[in-house]
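Remarks on the structure that follows.
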Amino acid sequence: MTHTEIESLRTRAREEFEKGLWKESEATYAQLVGDGQCDENADLDTVRTMIDYSRLLYLKERKQECKELCIRIVDLLENSFPDEIELKIEAMLNLLDALSFYEGRDYSDRIIGEATDLARSRVNPEDRLLASVLCSAAAVALSHDDRERFSEAESLIDEAAEILALEPVTEGEEYANMLSARAICEQLKGNVEFAERCYQEALASLDNNPLSPVFSEACFGYATLRATDSKFAESIVFLEQQIKNKEMKIGYDHPILKRAVSALALTYSACGELDEAEIQAQRYNKMVEMMGNPGPELRIDCLRILVDILQQQSRFSEAQALLTRAYDIADTIKDEGVNVRLLMDLARLKLDLGLFPEAVNMYERALTITRRLKGPEHFETAMCLGLLGNAYFAVRDYERAESTIAESIELCGKQEEFFGSLLSADNYRYLGLVRLQQKKFDDAEEALLKALSVLSSTGMESTLHAAETQKNLGELYDARGDSATAKFHFERALDLAKDILGPNNFEIADYLLYLADIFRREDDYTEAEKLYKKALSILERTLGPGHPRTCTLLQRFGEIAIERSNFRDAESYFEQALMRLEQTLGTSHPDVGYTCYCLGATYHWLKEFTRAERYYRRALEIKEQQLGQEHKDLATIIEPLIEILYHLHREAEANSFQRRLNQLTSYDSQKADN
């Protein structure tokens, strides 16, 4: 190619990038850069083009290709242009961006150390480039999750801020990068309001840099911050405005918006606005696909967000199909860090589907991998332990649930104070629930009150975490028979949730149910039914009539009908719930098993013993799949089944089940006779 042709291609590649035509831009850059065979003849313009190309590959999250290209650039500069220090620094920073979080930290430390030394060695080092290097060095320090490195990161950011103040620099990518790094540090310390201001100022400083990738990163960081204190409504308004402003400058579907749009999808999902969350998630997916050959981790991220939304909507078959696609993609990159996240996603799906033993196995595998990758005391190890403890809780293995959650709590104390405290609060709440299920009321109360205390100490007493804990305290006092105190906590939880989510969010129905249950146990059926109907209206409108939560509420109406001896009404409610649950969850989910048990009890009361037996047996089969053949909780189904069999004059079967019941409950009939 002639010099004129090369310059024309370079101009075209940059214009295509700016217009968001990244598929076309990549093809043009690839034509210019080639496969490296002619690197020894490359001029500085070619090097600059290679750097631009590496940036495009990074934004497409094709990290391995970006890494290889950056190494080529650094080698070329060292061999042919040793005096081009600034270009080498730029290439090294691109290389750092391309390194996987799970790659050797020593390599990242070496690269950023060399880049910092080069930046300081220049004739006039006190400039924007050094500030950028220092912020990158701070990011590397923070990635170590080490308290000493955290202090180092703060010092590096302070130095970068001082350099930018000298010129002074109050806008642009370097300034926004420094503020975003500052926001992360403040967020880790729990200074949420200060961190929020840093993100807002960072985004404002990018008004004249519409194509800076810092925009999306700051939007994502802001959304994560607002999720911490449950300020979802504020986050949605802010993100929508930021995206709208950017759209006016670069267009609706420009790929530079992708992470900001994904942050908006996640925020909508977190606050239960699932229809809008799906719209934004699909938009995110469309942007990624339009880029042309996006990186595998980026494609997986799109799928993971959609899976989370579909699970909340109980569209489990669709969620399973997307997760399978994600695993197929993950197999192409062989990144254990990516795979462990997918493994935990799949484990959560298995929990939702009632496949508890499979979920336990997957969380155990995820914990093993995370311990090996991150170390036994890492924050993510603590998170895995907490999730595994909940999986043990689901299979009623209370001893392992308690010990695993307690281990997670111990690790939380070794993390950065703010996020360690938030995880610790969640773990104390889970521990309280495990103890409550075992009727260890004093221990459960201690754990739940500790959770509230931790939240209060971090300024998170008005969050969904706190609302859930208040609700759990209501369950505790209800189980103790203290309905007045239970009502207080349920009402407190309901008020908190309404303040955060609004009065018509589907999560509000859950809080209404617990309060209604109290009135029902006090025989105040008028008030109970009023609250149940309000909750049912919310669920049918937001999640639909076939959602498991809606079906669970139908069961409440069936239970009321039984308590009033209106058994045919109860039969109708339970049959509706069973039909809908089977359509959504399949035929072997624990919720289906519970509804079968309710139908068995209804027919038991109606003295329709053959039908009662059928539903009791089905409930027992599902419970056995969930908990195994020897779990003592099976007794709640076996006991009425024995009575049914005696009514049907099938004494031999009844006696066989009686022997099994005795084994499950360690019942000693001779001692009882004495």
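The values are calculated or read from the model by the stated rules, or taken from the named source; none is laboratory data. Nothing here was measured: the structure is a model prediction, and the numbers come from that model. In this analysis, Cβ positions are derived from the backbone assuming ideal geometry, glycine residues included, and neighbour counts consider all displayed protein chains. To get the accessible areas, we keep the full protein, side chains included, count just its heavy atoms, and leave off ligands, DNA and RNA. Shrake-Rupley method; radii C 1.70, N 1.55, O 1.52, S 1.80 Å.
Structural remarks
- Pairs spanning more than 26 Å between alpha-carbon atoms, out of Lys414/Lys450; Lys88/Lys334; Lys231/Lys258; Lys60/Lys189: Lys88/Lys334; Lys60/Lys189.
- With every protein chain in place, region 1-82: carbon and sulfur % of accessible area (1.4 Å): 47
- Percent of alpha-carbon pairs separated by more than 15 Å within region 42-130: 57
- Kirkwood Rh in Å, taken over region 182-276 so that all alpha-carbon pairs contribute: 13.3
- Placing pseudo-labels 7 Å out from each Cα toward the beta carbon at Asn293 and Arg120 gives an inter-label distance of 4.0 nm.
- Alpha-carbon centroids, region 276-326 and region 53-95: separation in whole Å: 31
- Axial C-alpha extent at least 27 Å, average Kyte-Doolittle at least 0.0 - helices from the chain (DSSP): 417-437
- Inter-centroid distance (Cα atoms) of region 360-396 relative to region 450-483, Å: 25
- Computed on region 326-377, the Cα convex hull volume stands at 70 Å³ per residue.
- Evaluated with a Cβ-only charge set (Lys, Arg +1; Asp, Glu -1), region 63-117 carries a dipole of roughly 220 debye about its Cα centre, given to the nearest 20.
- Among Ile111, Thr170, Ser155 - extreme Cα towards positive end, dipole of region 101-175, charges at beta-carbon: Ile111
- Accessible area of region 333-403 belonging to carbon and sulfur atoms, whole % at 1.4 Å probe: 55
- Partners for Lys533 among lysines (Cα-Cα distance below 23 Å; same-chain residues under 8 apart left out): Lys471, Lys487, Lys498
- Between Arg365 and Thr11, the contour length at 0.36 nm per residue exceeds the Cα-Cα span by 122.4 nm.
- Mean separation of Cα pairs under 8 Å and 6 or more residues apart, divided by the residue count, gives region 25-165 a relative contact order of 17 percent.
- Reachable aspartates and glutamates from Lys534, criterion Cα separation under 12 angstrom, eight or more residues apart if same chain: Asp510
- Taking all pairs of distinct alpha-carbon atoms in region 481-525, Kirkwood radius in angstrom: 10.8
- Note on the chain: dipole from Cβ charges, positive end direction compared against Tyr603, Phe81, Thr469; the farthest Cα belongs to Tyr603.
- Of the chymotrypsin sites (Phe, Trp or Tyr not before Pro) found in region 65-121, those that fall in a DSSP loop while having at most 14 other beta-carbon atoms within 10 Å are Phe101, Tyr102.
- Protection proxy ranking, peptides 624-631, 117-124, average beta carbon neighbours within 10 Å, highest first: 624-631, 117-124
- Computed lengthening from Asn655 to Lys249, 0.36 nm per intervening residue step minus Cα-Cα distance: 138.3 nm
- Region 473-626: proportion of alpha-carbon pairs further apart than 29 angstrom, %: 21
- Over the C-alpha trace of region 294-405, radius of gyration and Dmax come out as 14.1, 45 angstrom.
- Looking at the chain, the accessible area is 44 square angstrom per residue; that uses a 1.4 Å probe and ignores ligands, DNA and RNA.
- With each label modelled as a point 7 angstrom along the Cα→C-beta vector, the Ser572-Glu358 pair spans 3.7 nm.
- Global dimensions of region 212-361 from alpha-carbon coordinates: Rg and Dmax equal 15.7, 52 Å.
- Averaging 1/r over each pair of different alpha-carbon atoms in region 423-534 and inverting the result gives 14.1 Å, the Kirkwood hydrodynamic radius.
- Zone residues, region 331-362, relative to Gln437, backbone N less than 17 Å from point 7 Å out along Cα-to-Cβ: 348-362
- Pairs of Cα atoms farther than 11 Å apart, region 459-501, %: 56
- Multiplying the residue separation of Thr4 and Lys534 by 0.36 nm and removing their Cα-Cα distance gives an extension gain of 183.6 nm.
- Cα centroid separation, region 220-250 to region 515-550 (Å): 33
- Remark: relative contact order (the chain) = 7 percent; criterion is Cα-Cα distance under 8 angstrom and separation of 6 or more residues.
- Note: region 548-674, Cα convex hull, 110 Å³ per residue.
- Projecting the Cα atoms of Gln282, Tyr392, Tyr616 onto the charge dipole of the chain (Cβ charges, centred on the Cα centre) puts Tyr616 farthest toward the positive pole.
- Cross-link reach list, lysines versus Lys632, counting only Cα pairs under 26 Å and skipping chain neighbours closer than eight places: Lys350, Lys439, Lys440, Lys623, Lys671
- The relative contact order of region 511-591 comes to 24 percent, based on Cα pairs under 8 Å that sit 6 or more residues apart.
- Packing here is the average count of other Cβ atoms within 10 Å per residue, and on that basis the peptides 294-302, 331-339, highest first, run 294-302, 331-339.
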